[in-house]
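Beneath this line is the structure, given in structure tokens, with notes to follow.
Since every read-out is calculated from the coordinates, none of them should be taken as a lab result. Since the structure is predicted, the reported quantities are computational estimates derived from the model, not experimental observations. Cβ placement follows ideal geometry from the backbone for every residue including glycine, while neighbour counts extend to all protein chains displayed.
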Amino acid sequence: MKASWMRNALQVAALVAWGSSFPTYAQSEVKPSLSEVESRAVNQVTHADEIAARLAPIKSIKDLTAYMARTSAADSLLNLLSPAAKNRFLSSLQFNEKGITSFSYADLEAELTPSQIYELLSLFGIQRTVPLMKGARVVDDTDRMIMANPIKHQCTGAHASCTLHKKLIL
């Protein structure tokens, strides 16, 4: 008991000592270059995208069919869209062995808010693409937050490209 109390006291003393010297330590450290900061940010975004893709319940047509079979109409995020828009969206989906590779977002942008689009695209692990949908109806602070989230490769680059037909190729 006494040893435990003594060890706790030493840990607290060490934290206080370290805490009081941290501002000096932080100020003395070399500041990272802009390219290092950008590289870290890109790595964090890539990491977050990979996690989203791994956790996505729909990675193939087979997964999509299973989702539609087990999810009631009232609970299906796909039913946020009108029936015609839902059919067009589903028809536009393309997959490879890693997941979704392409989809049309014209109907998402026309019928849904950014929050609704985010929820729907989370099924596929591609919710990061919502800020590209500039025509979506913004109705609250959450929508504004989603749309303010910058995407480094706005419709270009290795990860995504857009066409004039509002089709996103990942």
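Among the residues of segment 44-64, which ones are in a helix (DSSP H, G or I), buried (at least 16 other Cβ atoms within 10 Å of the Cβ) and among the charged types (D, E, K, R)?
Asp49, Asp63
Against the definition (surrounded by 16 or more Cβ atoms within 10 Å (Cβ to Cβ) and touching a Leu at 6+ places or on another chain (Cβ under 7 Å)), how does Phe95 come out, yes or no?
It is false that Phe95 is surrounded by 16 or more Cβ atoms within 10 Å (Cβ to Cβ) and touching a Leu at 6+ places or on another chain (Cβ under 7 Å).
Within segment 65-75, identify whether any single residue is among the β-branched types (Val, Ile, Thr) and crowded, with 18+ Cβ neighbours inside 10 Å, and answer yes or no.
no
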